[in-house]
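Enquirer: Dumping the structure here so I can ask a few things about it.
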Amino acid sequence: MAVSIAEYLGQRTDIDGINITPVALGSLVPCPFKDGFCSKLSKKKKPNHPVCSVRKLNGTMWIVCEHRLCATSRTKKDENDKSVKAGLVEHQRDILWEISKTVYRGEFDRAQIVINREVEIPIEEVDGKYRADYIMRNIAPGSKVDEILLEMQGGGETNKTGSITEHVDNWSANANPTNVFLREYVNAGTIETNAWRRQQEQFLVKGNIVNQTGGKIVFAIGGLIYDYLYPRVSRANLRDLREHNWTLCLLGISEDKSSSPVPGPIPLAIDEDRLLFTNYATFVRTLTDQGGPEPSIFKGDFISLTGDDVKL
């Protein structure tokens, strides 16, 4: 189990000749993926290194920053630490446009795709609230698909993060910090299971609300999360409803390897091999209806509450 640093502050590490320059912790440096400063560097209590993504031993990219795929923040902190409105940077606009072209049908342009971010969804039964990452509308005349709730989950946690931090510390302190050094593998791993588990409740609740409201839910996820989730529903042979009345879309986003690497961020693209358009209710039923009767779990070696061994 090992990973290497794939991106540092929006710069891919697998290119030599132009070495990445370390940035001091606590610095106010613009994030290349959102309107605002890098949230890892600028944390007040515990600033961290601006690692955007890592690679597994097989070369697969795993996003480790919540803002890397498509940041949802409506506000940002300015130089005086005041909250101001955040706009959309080119990266966000491009990702949202690619998603729009994938899920919407018919003729439309960028001006006809409108979004709202971090929209509150009240839950009356528990007097609580959820937030939708994005609400997306297609306001083109005669649009057949319009109201969409878009959730983003590009990646997630790693284990042994201290090993990653120590490695970047050593690279930063080096008199000659090279990309070769920075991308060396360290003893850490990705945790795909946690990424989905954190999303399950919100995915089910928000999806149910949108489904009852007449909208559709799109779950834009990193390729590794798609590969973790899809086998759990593939046995149901869910119908492909892309050209019909689908209500749920699983949309995988992976590294775009169609061109030779160039300095800057690792390009991302909709993965045509990781797309699922289907019915939300059927998907949820399949997801929750896993496993079967297993009487053996009630047999074996037990211990009574008086301390006696009992074999059943």
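Yes or no, residue by residue, for (1) of a type in the set (D, E, K, R); (2) assigned by TED's automatic domain parsing to the domain that holds Pro32; (3) farther than 27 Å from Pro265 by Cα; (4) not in a strand (DSSP E or B):
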residue	(1), (2), (3), (4)
Arg93	yes, no, no, yes
Trp97	no, no, no, yes
Lys101	yes, no, no, yes
Gly106	no, no, yes, yes
Ala111	no, no, no, yes
Ile121	no, no, yes, no
Ala132	no, no, no, no
Ile135	no, no, no, no
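Enquirer: Can you name every residue in the range 273-300 that is surrounded by fewer than 16 Cβ atoms within 10 Å (Cβ to Cβ) and touching a Gly at 6+ places or on another chain (Cβ under 9 Å)?
Expert: Asp273
Enquirer: List the number of the failed condition for Lys85; all other conditions in (1) in contact (Cβ under 8 Å) with a residue 12 or more places away in the chain; (2) more than 21 Å from Thr178 (Cα to Cα) hold.
Expert: (1)
Enquirer: Residues of the range 272-302 being outside any helix (DSSP H, G or I), at pLDDT 90 or above and either of a type outside the set (Lys, Arg) or under 28 Å from Phe219 (Cα atoms) (or both), which ones?
Expert: Residues satisfying the conditions are Glu272, Asp273, Arg274, Leu275, Leu276, Phe277, Thr278, Asn279, Gly300, Asp301, Phe302.
Enquirer: Would you mind stating whether Glu90 is loosely packed, with under 12 Cβ neighbours inside 10 Å, at pLDDT below 95 and either acidic (Asp, Glu) or touching a strand residue (DSSP E or B) at 6+ places or on another chain (Cβ under 6 Å) (or both)?
Expert: no
Enquirer: Quick check on my filter: what residues within the range 152-176 are within 14 Å of Glu66 (Cβ to Cβ) and aliphatic (A, V, I, L, M)?
Expert: Answer for the range 152-176, where residues must be within 14 Å of Glu66 (Cβ to Cβ) and aliphatic (A, V, I, L, M): just Met152.
Enquirer: Let me ask you something else. Quick check on my filter: what residues within the range 196-236 are surrounded by 18 or more Cβ atoms within 10 Å (Cβ to Cβ), assigned to a helix (DSSP H, G or I) and β-branched (Val, Ile, Thr)?
Expert: Residues satisfying the conditions are Val210, Ile225, Val233.
Enquirer: Go over the candidates Arg197, Arg183 one by one and state the one that is within 24 Å of the chain's Cα centre (by Cα) and not assigned by TED's automatic domain parsing to the domain that holds Glu98.
Expert: The conditions single out Arg183.
Enquirer: Please determine whether any residue of the range 301-308 is touching a residue at least 60 places away in the same chain (Cβ under 8 Å) and either outside the structural domain of Ile63 (by TED's automatic domain parsing) or surrounded by 12 or more Cβ atoms within 10 Å (Cβ to Cβ) (or both).
Expert: No, the conditions are met nowhere in the range 301-308.
Enquirer: Can you list residue pairs whose Cβ atoms sit under 6 Å apart, with the first residue in the range 159-174 being in contact (Cβ under 8 Å) with a residue 60 or more places away in the chain and the second being among the hydrophobic types (A, V, I, L, M, F, W, C) and part of a helix (DSSP H, G or I)? Count only pairs 6 or more apart in sequence or on different chains.
Expert: Hits for this filter: Trp171/Phe181; Trp171/Leu182.
Enquirer: On to the next question. Is at least one residue of the range 18-32 touching a residue at least 60 places away in the same chain (Cβ under 8 Å), surrounded by fewer than 16 Cβ atoms within 10 Å (Cβ to Cβ) and more than 18 Å from the chain's Cα centre (by Cα)?
Expert: Yes, the conditions are met somewhere in the range 18-32.
The values are calculated or read from the model by the stated rules, or taken from the named source; none is laboratory data. Treat the numbers as computed from the prediction; the structure is a model and nothing was measured. Positions of Cβ are backbone-derived with ideal geometry, glycine not excepted, and every protein chain shown enters the neighbour counts.
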